[in-house]
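Contents: one structure, followed by commentary.
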Amino acid sequence: QVSCIEVVEAYVERIKEVNPLINAVVKDRFEEALQEAQQVDKLLSEGPADDYLEEKFPLLGVPITVKEAFSLHGMPNTSGLVNRRNVIATSDATVVSRLKQAGAIPLGVTNCSELCMWYESSNRVYGRTNNPYDLQRIVGGSSGGEGGVLAAACSVVGVGSDIGGSIRMPAFFNGVFGHKPTTGVVPNDGQFPNAHGVRTSFLCTGPMCRYAEDLEPVLRVMAGPGVSKLKLNEKVSLEKIKFHCMDHDGGSVFVSPVDKEILQAQKKVVEHIESDLGVQVQHVSIHKMKYSFQIWSAMMSSKDSNGQEAERFTDLLGDHGKPVWPLWELLKWLVGMSSHTFPAIALGLTEKLMKLNHSGNAKLVSMGKSLQEEMEALLGQDGVLLYPSHPTIAPKHHSPICMPFNFAYTAIFNVLGLPVTQCPLGLGSEGLPLGIQLVAAAYNDHLTLAVAQYLEKAFGGWVLPGKA
């Protein structure tokens with residue numbers, strides 16, 4: 001009914017209208033996108049068979065945005081690091097290239113946190129991104145620009161990455177869908193910083209979208225040949241899924257208690273599943289989840305099977321130039337002289353402290369391994385766990401500093417290697433998005449994606465900001 005050029009023009013206009021408020025798109029490629037849209041219309045007018053086009057270009061003419069940490073040819077690739085501000089990508093990251101080959105049209109790149117290691121998307125290169133539901137609140141991180149741009153209806157699909165919740169927190173705070181696939185299926189190449197050593201098993205690249213049904217086709221394209229490991233062609237019978245539910249982590253001292261409104265939303269999901277599908281949702285209490293932050297932290301800094309040390313965050317901050325001294329940066333920051341953000345400096349300091357506790361770390365790593373076995377045994381090939389996405393709804397700007405470890409609710413699933421779909425559940429009393437994480441055992445992504453589509457129908461999914 002509409003031409004590709006009309007679609008792309010509509011999204012370009014929308015970004016121009018909304019971006020001055022939210023600051024999510026940090027560099028656009030509107031001219032190139034419009035030229036690419038013209039080529040799509042030309043291809044369609046030449047009239048090859050529709051099914052041929054659908055097979056060859058499953059995302060033909062679909063406008064997308066890409067997290068700035070990924071290389072997109074001709075676009076900046078700084079990851080919010082001041083000393084990379086002149087870095088321009090000369091090639092495409094693997095997933096970006098696959099999406100382009102499938103016909104998608106990138107509109108530009110979006111903001112992230114400095115070096116993608118914080119859950120507020122703000123840095124000294126591009127400034128801060130604001131939540132479209134309330135500009136005084138965060139979009140989450142590190143794929144926060146994607147969360148904001150999708151929620152504000154400025155893009156159809158986003159490319160995000162996730163090593164501690166960087167797809168799921170922005171998806172939650174901005175009321176959209178995000179999927180962290182089973183580890184090792186979607187390639188991470190072409191993003192900065194990329195994972196090395198043990199962290200290659202924790203970092204995941206995945207899709208973010210406004211509509212649940214878009215996750216699967218985009219995931220197929222991103223995964224390429226690796227998609228065969230995921231059982232996306234298997235039909236899911238929701239009545240046969242064994243649902244488990246856990247209300248909170250058991251009360252970690254490092255993490256805020258879960259908001260009443262988030263607990264109520266989860267309770268409604270349980271009640272709906274039980275009454276509509278006629279199944280019993282099993283309430284579980286997994287004791288080790290209480291140590292989620294400590295387990296994630298210890299596993300992130302552990303050596304890999306070849307004894308290779310994890311890359312130090314302070315080396316990344318220096319971007320292979322001069323090493324960064326966190327204490328010195330902190331003093332500079334206090335007088336407004338540092339080119340780094342406070343969370344990045346704080347992470348550099350805590351990294352040094354972590355290194356001092358070898359025996360404690362080893363215990364936590366083995367606790368992580370046994371938690372993984374416990375989870376796999378609980379979920380099996382037909383289980384889905386319902387778990388809060390975060391202890392609070394989208395916090396106000398800067399407030400994550402007071403509760404820096406709240407990301408443990410998402411991070412634990414990175415080190416466990418499990419697939420998780422973040423699913424919105426409408427808006428709460430303050431007009432801010434609510435949501436839930438859907439978790440399955442490794443390679444059972446098809447289960448969480450099916451449940452997300454089911455919950456979208458029941459709870460309404462994404463809500464346009466300003467409509468509530």
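The values are calculated or read from the model by the stated rules, or taken from the named source; none is laboratory data. Because the structure is predicted, anything quoted here is derived from the model rather than measured. Methodologically, a virtual Cβ is constructed for each residue, glycine included, from the backbone with ideal geometry; neighbour enumeration extends over all protein chains shown. Side chains are part of the model used for accessible areas, which takes the heavy atoms of the whole protein and leaves out ligands, DNA and RNA. Shrake-Rupley method; radii C 1.70, N 1.55, O 1.52, S 1.80 Å.
Across the range 4-459, Cα pairs under 8 Å and at least six residues apart give a relative contact order of 18 percent. With distances taken between every two different alpha-carbon atoms, the range 4-459 has a Kirkwood hydrodynamic radius of 22.0 Å. According to the Kirkwood relation over distinct C-alpha pairs, the hydrodynamic radius of the range 382-427 is 12.4 Å. Partners of Lys363 within straight-line reach, counting aspartates and glutamates whose Cα lies under 16 Å from its Cα and excluding those fewer than 8 residues away in the same chain: Asp304, Glu373.
Where does the charge balance sit around Pro257 when Lys and Arg score +1, Asp and Glu -1, over other residues with C-beta under 14 Å from its C-beta? Neighbour charge sum, excluding Pro257 itself: -2. Give me P(r) over the range 114-189, computed from all C-alpha to C-alpha distances, binned every 5 Å, as integer percentages. Computed distribution, short to long bins: 3, 19, 28, 25, 17, 6, 2, 0.
For the listed residue pairs Lys332/Lys396; Lys56/Lys229; Lys180/Lys288; Lys180/Lys332, the alpha carbons are over 31 angstrom apart in Lys180/Lys332. By DSSP, the beta bridges lying fully in the chain are antiparallel in about 70 percent of cases. Taking every protein chain into account, the accessible area of the range 238-308 amounts to 54 square angstrom per residue (probe 1.4 Å). Take the solvent-accessible surface of the protein heavy atoms, probe 1.4 Å, and return the percent of it on the range 4-459 that carbon and sulfur atoms account for. Reported share for carbon and sulfur atoms: 54 percent. Calculated on the alpha-carbon coordinates, the convex hull of the range 83-159 measures out at 95 cubic angstrom per residue.
Residue pairs exceeding 22 angstrom between C-alpha atoms, taken from Lys67/Lys267; Lys240/Lys268; Lys67/Lys260: Lys67/Lys267; Lys67/Lys260. Amide H contacts of Ala102 (H built 1.01 Å from N, in plane; Pro and chain starts excluded): no residue 5 or more places away or on another chain comes under 5 Å.
Shape call for the range 148-230 from the C-alpha gyration tensor, a ≥ b ≥ c root eigenvalues: rounded (a/c under 1.5), prolate (a/b greater than b/c) or oblate? Oblate shape, in that a/c is at least 1.5 and b/c is the bigger or equal ratio. In summary, the aspartates and glutamates within cross-link reach of Lys235, defined as a Cα separation below 20 angstrom excluding same-chain residues under 8 places away, comprise Glu213, Asp214, Glu216, Asp276, Asp382, Asp445, Glu456. Which shape class applies to the range 27-161: rounded if a/c is under 1.5, otherwise prolate when a/b exceeds b/c and oblate if not, where a ≥ b ≥ c are the square roots of the Cα gyration tensor eigenvalues? In terms of gyration-tensor shape, prolate.
Would you please classify the overall shape of the range 178-301 from the alpha carbon gyration tensor, given that a ≥ b ≥ c denote the square roots of the eigenvalues, rounded means a/c under 1.5, and beyond that prolate means a/b larger than b/c while oblate covers the rest? Oblate shape, in that a/c is at least 1.5 and b/c is the bigger or equal ratio.
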